[in-house]
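Accompanying notes for the structure given below.
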Amino acid sequence: MRFLSLGPGEVAALLLLLLLLLFPAAAGAYQIRLATVIFMWAALAGSWNLLAGYAGAVDLGPVVYYGVGAFATAALMLRAHLPFLVSLVLAGGVAMVIAYAVGTPTLRLRGAYFAIGTLALAESAKQLALAWDRLTGIPLTGGSAGVSLPLSAGYLLFYYVMLALASLVTAAALWLGRSKFGYGLRAIGENDRLAEASGVNIHRLKRRVYVGSALLIAWTGGTAGYWLSYINASDFFGAGLTFQMVVMVLLGGLGTPFGPPLGALFLTLAAEILGTRFVYHYLIAIGVLIVAVSLFMPAGLAGVGRLLRSRRAGVQP
Amino acid sequence: MSILEVRALTKSFGSLVALDRVDLKLAEGEILGIIGPNGAGKSTLFNLIAGLERPSAGAVYYRGAAISGLTTDAVCRLGITKTFQIPQLFPRMSVLENVFVAGLYGKGVSLGPARYQAETWLEFVGLADKAAAAAETLSLPERRRLDLARVLATDARVLLLDENMAGLNQREVAASVALLRQVRDRGRSLMVIEHIMRAIADLADRVLVLNYGEKIAEGRPRDVMRDPAVIKAYLGEAYT
């Protein structure tokens, strides 16, 4: 088994990471902000991919941990006066505890029932967050008015935190591709009954990846909240975020380490470029693009290289 | 001492009693054939032993310890696992990876040894040349052999084989019988559900006959096949 030997994709990813670390020195504020958005989506889509792409569990409620991360980070900064990064780390712990408690029963649901259950959960979480202050008397979410955070330190901090999160998620996916844990998850994703009969404790493995994915999503949510300096429950628990993660993963390549960052890059740039040219109609164009990619590249953008290689191999005698 | 013991095992689905107070013992290194008409409770018996279903009453003992109530994966790691009547696989994994996963989790070894052992088991069942193929491309006889390699890789000591020869031609059945004898020689105890009487007569040390969830006969294959109750319930008059 290979542990430290790196494949060509991994070497390319490390070189890219090195370039991205130096990128702010050469780029303007707009490019840095745009790159930060891409990293944020790469981290979110990548976290969703860990559970759906490897263990085959389609979670339609990841946004719960995005919201929890944002509000917990904000509360720790505003009420406990902790520094941002300390608050962020602690908020991740809160999300993990909630994910453990929520995942234990819900991960026993299979297939479409898990998807429906988690979708309902996310909507409940949003309603709970909207009503929280009124119900409990503990100011946390600010109800429908939301919470404002102090204007932030500067965009470079967010560039590097989001880059770190996207890299961490991608590294986790690469690790799943070659570890015992990853093989167990893939077995569950392909045939959970058979995995169980082969000795895989499917509930424990699924819960572990669910909690890990919740941690990464919560950190991304906490960072996004401070970056935007204003958070409210309708946005941070909104199902739109979930569907954007799903679309990015499917565009990029489900169950692949580089699919989610590719999907995030593609969709964010497409929205940015088309959105400035066709302010009113760009969503139609994006819809057409999504349909085209899913029709002509069913394995996603990450599958294109493989497809071309096999085509080339096919024509050679 | 018997490696597996089943006492008064009962399973009802509503008013239907699928398995009715069945007792059995499996000796270490024994091959026990399970026969009976469709719906007699053979697969239910296997599912109860392997932890896929919970018994309504009665208990299963492995090396003297009660195991009823454990989950399937725990039962597998303890040492009992089953193949499926319709052979199951991880379709998009390679043939090697199918066996490899069973070693990683069923036996609990790390990546290196699991890979080496998976290769050895594929060699043993005659699938070494297919190791890199996607499992979903295998033919039915190959799928049955893969299923066997998988349960062997879990290192379970008791193997429950549910119609592992169904759909095979005569030559393949003979090869399968020879292979299962070798499995026994490697320290496994087997319970085998089978409809092919010649294979059962060749392979099994003892045979247990189920009918409507009840045990109606048990003994050496040749004796059981002469039993009037067995002929009436299952084999049919023409068989004698």
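Just so you know, all these numbers are worked out from the coordinates, no wet-lab data involved. Fair warning: this is a prediction, and the values are worked out from it, not measured in the lab. As a convention, Cβ positions derive from the backbone with ideal geometry for all residues, glycine included, and neighbour counts pool all protein chains shown.
Hey, rough spin-label estimate for residue A:97 and residue A:281, points 7 angstrom out along Cα→Cβ, what's it come to in nanometres?
Here the answer is 5.3 nm between the modelled labels.
Could you identify which residue out of B:194, B:53, B:172 has the top mean-square fluctuation in a GNM of chain B using Cα springs shorter than 10 Å?
Maximum among the listed residues: B:172.
Can you work out the base-10 log of I(q)/I(0) for chain B at q = 0.12 1/Å, using the Debye formula on its C-alpha atoms alone?
Results for chain B at q = 0.12 Å⁻¹ read -0.66.
Rank A:274, A:172, A:220 by how far each Cα sits towards the positive end of the charge dipole of segment A:32-315 (+1 on Lys, Arg Cβ; -1 on Asp, Glu Cβ) and give me just the farthest.
A:172
Roughly how far apart, in whole Å, are the Cα centres of segment B:178-240 and segment B:52-98?
A separation of 22 Å, based on Cα centres.
Among the chymotrypsin sites (Phe, Trp or Tyr not before Pro) in segment A:1-94, which ones are in a DSSP loop with at most 12 other Cβ atoms within 10 Å of the Cβ? Mind listing them?
Here the sparse-neighbourhood loop sites are A:3.
May I ask you to sort B:77, B:145, A:207, A:79 by Cβ crowding, counting other Cβ atoms within 10 Å and putting the fewest first?
Starting with the residue having the fewest Cβ neighbours, the order is A:79, A:207, B:77, B:145.
Given H placed 1.01 Å from N in the peptide plane, which residues other than close sequence neighbours of residue B:82 have an amide H under 5 Å from its amide H?
B:160
For the protein assembly as shown, give the share of DSSP beta bridges that are antiparallel, in percent and rounded to the nearest 5; count only bridges with both residues there.
60
Taking R0 as 25 Å, what FRET efficiency do you get between residue A:204 and residue A:110 from their Cβ-Cβ distance, rounded to the nearest 0.05?
About 0.95, to the nearest 0.05.
Over segment B:80-155, what is the relative contact order in percent, taking alpha-carbon pairs closer than 8 angstrom and at least six residues apart?
Relative contact order here is 47 percent.
Label points 7 Å out from Cα along the Cβ direction at residue B:212 and residue B:54: separation in nm?
Distance between the two pseudo-spin positions: 2.9 nm.
Excluding residue A:190 itself, calculate the net charge of residues whose Cβ lies under 12 Å from the Cβ of residue A:190, where each Lys or Arg counts +1 and each Asp or Glu counts -1.
0
In nm, to one decimal, how far is the residue B:205 label point from the residue B:170 one, both placed 7 Å along Cα→Cβ?
Calculated label separation equals 3.0 nm.
Can you work out ³J(HN,Hα) from phi for every residue in segment B:176-186, in order, using Karplus 6.51 cos²θ - 1.76 cosθ + 1.60 and θ = phi - 60°, giving whole Hz and x for Gly and Pro?
5, 4, 4, 5, 5, 4, 5, 4, 4, 5, 8
Set Lys and Arg Cβ to +1 and Asp and Glu Cβ to -1, take the dipole of segment A:32-315 about its Cα centre, and tell me which of A:237, A:52, A:116 lies farthest positive.
Going by the Cα projections, it comes out as A:52.
Efficiency by 1/(1 + (r/R0)^6): what FRET value for residue B:65 and residue A:136, r their Cβ-Cβ distance, R0 = 45 Å, to the nearest 0.05?
The formula returns an efficiency of 0.35 here.
Can you return the aspartates and glutamates within cross-link range of residue A:206? Criterion is Cα-Cα under 18 Å, with same-chain partners fewer than 8 residues away left out.
A:59, A:190, A:192, A:196, B:73
What is the calculated FRET efficiency for residue A:299 to residue B:10, with r their C-beta to C-beta distance and R₀ = 51 Å, to the nearest 0.05?
The computed FRET efficiency comes out at 0.55.
At a threshold of 8 angstrom on Cα-Cα distance, excluding pairs fewer than six apart, so keeping six or more, what relative contact order does chain A reach in percent?
30
Of all DSSP beta bridges in chain B, what percent run antiparallel (nearest 5)?
55
For segment A:17-23, take each phi angle, set θ = phi - 60°, evaluate the Karplus expression 6.51 cos²θ - 1.76 cosθ + 1.60, and give the result in whole Hz per residue in order, putting x for glycine and proline.
Values, residue by residue: 4, 4, 4, 5, 5, 8, 3 Hz.
In whole Å, how far is the Cα centre of segment A:128-184 from that of segment A:28-43?
16
In Å, what Rg and Dmax follow from the Cα atoms of chain A?
So, for chain A, Rg and Dmax equal 19.9, 74 Å respectively.
Which whole-Hz couplings ³J(HN,Hα) result when phi for each residue of segment B:145-162 is put into the Karplus expression 6.51 cos²θ - 1.76 cosθ + 1.60, θ = phi - 60°, listed in order with x for Gly and Pro?
Those phi angles translate into 5, 4, 4, 5, 4, 5, 5, 5, 5, 5, 6, 5, 8, 10, 10, 9, 9, 9 Hz.
What does the charge dipole of segment A:125-236 about its Cα centre add up to, to the nearest 20 debye, if the Cβ of each Lys and Arg holds +1 and the Cβ of each Asp and Glu holds -1?
400
Hey, fewest Cβ within 10 Å first, where do B:176, B:68, A:229 land in order?
In increasing order of surrounding Cβ atoms, one gets A:229, B:68, B:176.
Which whole-number percent of Cα pairs in segment B:80-155 have a distance greater than 20 Å?
17
At 222 nm, what helix-only mean residue ellipticity would chain B give, in deg cm²/dmol to the nearest 500, using -39500 (n - 2.57) for each DSSP H run of four or more?
About -10000 deg cm²/dmol.
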